[in-house]
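I have placed the structure first, in the form of structure tokens, so that the comments after it can refer back to it.
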Amino acid sequence: MRTLRHAAALLAAATSADTLLPIAIELGLEPVSRPLDLRTRASLGVPAHVRDVRIVRGPGALRALLVVGDGAESLRALFTALAGTLSSRTGSVLWMLIGTSPSGEAGLACWPGGTRPPRLTALVARRDRIVASDAESLRALAAAAGGEDLLVHTRWCELLGREALSRRFYRTLEQRVTALADSMPRASSDDRAELALLAASRLLFLSFLEAKGWLDGDRAFLANQFDACMLRGGGFHERVLLPLWFGTLNTPIGRRAATARGFGAVPFLNGGLFGKTSVERRHARARLSDEALGAFFADVLGAYRFTAREGQEGWSEASIDPEMLGRAFESLMAARERRTSGAFYTPQSLVAHVADAALASWLRATGLPSDAVARALRGEQLVVDDARRLRAELTSFSVLDPACGSGAFLVYLLERIAELHRIAGDTRALAAIRRDVLATRIHGVDVNPTAVWLCELRLWLSVVIESDETRMSAVPPLPNLDCNVRVGDALSGDAFSEPPSLVGPPAALARLRERYARAAGARKTPLRRALEREERRRAVAALDRQLVALRGERRERLIALRSRDLFGERRGTRGAQHGEALELRRRGVALRRERSRIADGGALPFAFASHFGHVHARGGFQLIAGNPPWVRLHNIPAAARTLLRARFHVFRDAAWPAGAGGARAGSGFG
């Protein structure tokens, strides 16, 4: 293939079987297409509603099927249906599907052999907006043609998969985010990096909304706004981004100023995504340069196609989806930070395997029969009694990822739990179910604030993508997630060690938390303050109980020391006992100091009982799933190791010292 422009022109012109043939020719197939008669169509399982279908021969076992849909279903659905029948009926053929639809789509798809059901790798583009990555993918497919048929087909599957696109996207994104940070010279390097990543994340989020048509119905809204601003003299950050982020997307439609109303039909999103962060308040006058933003638009937003639907087990598309934000986050972290924090990307296949196994374990624990568990996880309907039992269990179900990172497990579990609601008989729209599950059932913790930010972003997108609402005034506000996904160290926080009734009225707390999750506009601030007061009160109550227990322990030790033994002699204070008494005194001083600090308004240390009090009131989490970070011992500070050894049995008496002793090696080696 000669140029990217030629590749883009082929995709843009693909409106019929005749205009699909040039694409097949570029892939090294014969320049002749043969229509399929009714008998052959039926034998291959081609749906009756497909307008036109033709076959093109290629070297060896390579074949292309040119299909023209009727516009009633997406190319994704059509390709998936065709791949299912073709893989089962013509297993020895190496297929490439090339299709178009009256709805404006054009695409290609193939799948490796030996997988049932087939896992498709695909490129599905809008003919009226072919981006550089679409043309580059097609040109790479053409360059791979010409060799042995199986090797060519394998290479096609790799090129259409997201991995090839991901590597290019990550490199480009890292360069552009660095350029954004460098365009703000007055802040510290860490603050510049955080401000740049915040801006990039918001722009990426808006690209997903743009793909849905939610930004005034303009699928090139951001680029058009940038061009118009440059014609007016520039200052895009000041004149467009700030009013769009904070005056439009974060402001109810009826309360918007004239500038915000000028953006047209843009929904009110709420949810905290477009609220100012602490670093933005510290650097209120920091502005990204037009040059850096223009490069970000050209090389990232304008060069790649964005889809708000995450890749699934049976479908991998050559486009940028929300999961890639998590992967981009991992790629943007410095190697040194990854080693010390243990933050590494979890492959989607592992996420699905672990999460499904965890859900199966929980479902069996509820008493559902094994066959009903299997049917539920396959998405099949249940008998009435099993559906009723599942529905009852889901009303109190809560899930936690204690090291959630950018949210891979939580997004997957949100989608699976919402599907379980539908299987149990919930007849609401899928977007409404996901919004409810997200507001009340999904929880996460992570030490990295940026990871928490991206986790919230992906969870919001998972709700947004399923909404079919076209009236921007009717789009429901996103739930507030700052009480669902918390910044903190799950290993340092106290567990639900006390009954919830001992630290506060559980029903009132749960109601307050659910009201805040759905609050928007002026109601948010007083509800958030009420929750903060309750969290602080619970933290103080927990410390008071620890102090009472400590005083009781000291009293018992003192009574024991003053008592007489069998011979009538006082026991006295031995060296070890004196050390223990001194340690108890020190703990008491530290607890009282911490209580005073928190009572005076100091920052709350993470603790499950205070930060997830509404879950505590319901009896705790029913499911904990995730991929905890692996940090080598020498990367954990000595003070942290001491605390972990004191708090956790598995750290004090870990399995590796025995193995190391057996090998006559040091425990560090083990």
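The values are calculated or read from the model by the stated rules, or taken from the named source; none is laboratory data. This is a predicted model, so every value here is computed, not measured. Glycine gets a Cβ as well: all are built from the backbone with ideal geometry, and neighbour counts include every protein chain shown. Only protein heavy atoms, including side chains, enter the accessible area calculation; ligands, DNA and RNA are left aside. Shrake-Rupley method; radii C 1.70, N 1.55, O 1.52, S 1.80 Å.
Distance distribution note for the range 453-499: the fraction of Cα pairs above 11 angstrom is 77%.
Carbon and sulfur together cover what percent of the accessible area of the range 30-126 at a 1.4 Å probe radius? For the range 30-126, the apolar C and S fraction of the accessible surface comes to 56 percent. Entry note: the range 184-231 has Rg to Rh equal to 1.12, where both radii use alpha-carbon atoms and Rh is the Kirkwood radius. Taken over the range 181-263, the percentage of Cα pairs per 5 Å bin, counting from 0 up to the bin with the maximum distance, is 3, 14, 20, 24, 21, 12, 6, 1. At q = 0.17 Å⁻¹ the log10 of I(q)/I(0) for the range 588-635 amounts to -0.82, computed by Debye summation with a single uniform scatterer per C-alpha, solvent ignored. Computed over the range 430-532, the P(r) curve from all C-alpha pair distances, binned at 5 Å from the origin, holds 2, 11, 18, 20, 22, 14, 8, 3, 2, 0 percent per bin. Using all pairs of distinct alpha-carbon atoms, the Kirkwood hydrodynamic radius of the range 84-218 works out to 17.8 angstrom. Entry note, the chain: the mean residue ellipticity at 222 nm calculated from DSSP H runs of n ≥ 4, each adding -39500 (n - 2.57), is -16000 deg cm²/dmol after division by the residues and rounding to the nearest 500. For the chain, find the longest principal axis of its Cα atoms and tell me its angle to the long axis of helix 221-231, 0 to 90°, nearest 10. The helix 221-231 is inclined about 90 degrees to the chain.
On the principal axes of its alpha carbon atoms, the range 37-116 extends 33, 25, 24 Å, with the longest extent given first. How far is helix 575-599 tilted off the main Cα axis of the chain, in degrees rounded to 10, range 0 to 90? That helix lies at roughly 60 degrees to the long axis. Here the range 36-120 is treated with +1 on each Lys and Arg Cβ and -1 on each Asp and Glu Cβ, and its dipole about the Cα centre works out to around 320 debye. Dipole magnitude for the chain: about 2580 debye, using +1 per Lys or Arg Cβ and -1 per Asp or Glu Cβ, origin at the Cα centre. Overall, the anisotropy analysis places the range 190-320 in the rounded class: the square-rooted eigenvalues a ≥ b ≥ c of its C-alpha gyration tensor yield a/c less than 1.5. Taken over the Cα atoms of the range 1-141, the convex hull encloses 97 Å³ per residue. Using the Stokes-Einstein relation with a Kirkwood hydrodynamic radius computed over Cα pairs, the translational diffusion coefficient of the chain at 4 °C and a viscosity of 1.567 mPa s comes to 46 µm²/s.
Highest mean packing comes first when the peptides 183-194, 111-122, 595-606 are listed by Cβ atoms within 10 Å, giving 111-122, 183-194, 595-606. Taking only the Cα atoms of the range 374-503, the radius of gyration and Dmax are 16.2, 48 Å.
When all alpha carbon pairs of the range 386-432 are counted in 5 Å bins from zero, the resulting P(r) reads 5, 19, 26, 23, 14, 9, 3 %.
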